Every structure is written in structure tokens, then in C-alpha cells.
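Below: the structure, in C-alpha cells.
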Amino acid sequence: MLTSPAYYADVSTLCRECYNRSAMSALFDEVQKQAQLLTPQEKAALVHQLIEELDSSKDADVEQLWIEESQRRYEAYLRGDLEAVNGKEVMAKARNRLT
């Protein structure tokens, strides 16, 4: 699921506020310790689940819309209306925009 950049800015602010508190709940401390024992795959799944729970702007149609968009782009590529771009180049450009 895709979420707006504003959502992540709000979550980032919320996380900073949590870390700025002098005392965290005992439950939070325990969960944090347990999370450190998870494999990278388990951590990713946990993060995904937590973000899903925090995301109040869920659009039930967003996944279907992205599927349709990807199909439209693929069909345009097959017709020759759209050029393929090297994935490494795309990711490098995206990283450069973020820095």
C-alpha cells in the first residue's frame, strides 16, 4: 500500500516525540527488546503490520488502481509506446532525489 509523504512526516514527528519522553512504558521497552531478536524478515513484517495499523487513510481501491496502472504501462511497453528503463538507473535517480 502506498501512503502520502505527509503521513510519513506525521509518523516521524510522532516517533521523535516518543523518543523525547524520559520514560517509556514497560510494555514498550519489552516489545523493543523482543523486536531486536527478530530476523530481518520478521522485523520487516512487523513494521509493515504496524504501519498498516497506523495508516488511517487507507484507500480500499489503491492496490487495485496500482495493478491497473502497472498493466496499462506494461501494455504500452508491449505496443512500443513506452520505453523500458534500467532498474538500477531508476533507483539511482530516486536515491539522488532523496539526498
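Out of region 71-99, which residues are more than 23 Å from the chain's Cα centre (by Cα), surrounded by 10 or more Cβ atoms within 10 Å (Cβ to Cβ) and among the aliphatic types (A, V, I, L, M)?
Ala76, Leu82
When Lys33 is evaluated against the numbered criteria (1) modelled with pLDDT under 75; (2) more than 12 Å from the chain's Cα centre (by Cα), which criterion, by number, is the only one it fails?
Of (1) modelled with pLDDT under 75; (2) more than 12 Å from the chain's Cα centre (by Cα), only one is false for Lys33: (1).
What number of residues in region 63-77 are over 30 Å from Leu38 (Cα atoms) and in contact (Cβ under 8 Å) with a residue 12 or more places away in the chain?
Matching residues across region 63-77 total 1.
Let me confirm something: among Glu52, Glu68, Glu63, Glu17, which residue is of a type outside the set (Phe, Trp, Tyr), at pLDDT below 85 and in the same structural domain as Val85 (by TED's automatic domain parsing)? Write out each step before concluding.
Details: Glu52 fails: in the same structural domain as Val85 (by TED's automatic domain parsing); Glu68 fails: at pLDDT below 85; Glu17 fails: in the same structural domain as Val85 (by TED's automatic domain parsing).
Being of a type outside the set (Phe, Trp, Tyr), at pLDDT below 85 and in the same structural domain as Val85 (by TED's automatic domain parsing) holds for just one of Glu52, Glu68, Glu63, Glu17, which is Glu63.
The values are calculated or read from the model by the stated rules, or taken from the named source; none is laboratory data. In this text the structure is predicted, and so the values were computed from the model without any measurement. Positions of Cβ are backbone-derived with ideal geometry, glycine not excepted, and every protein chain shown enters the neighbour counts.
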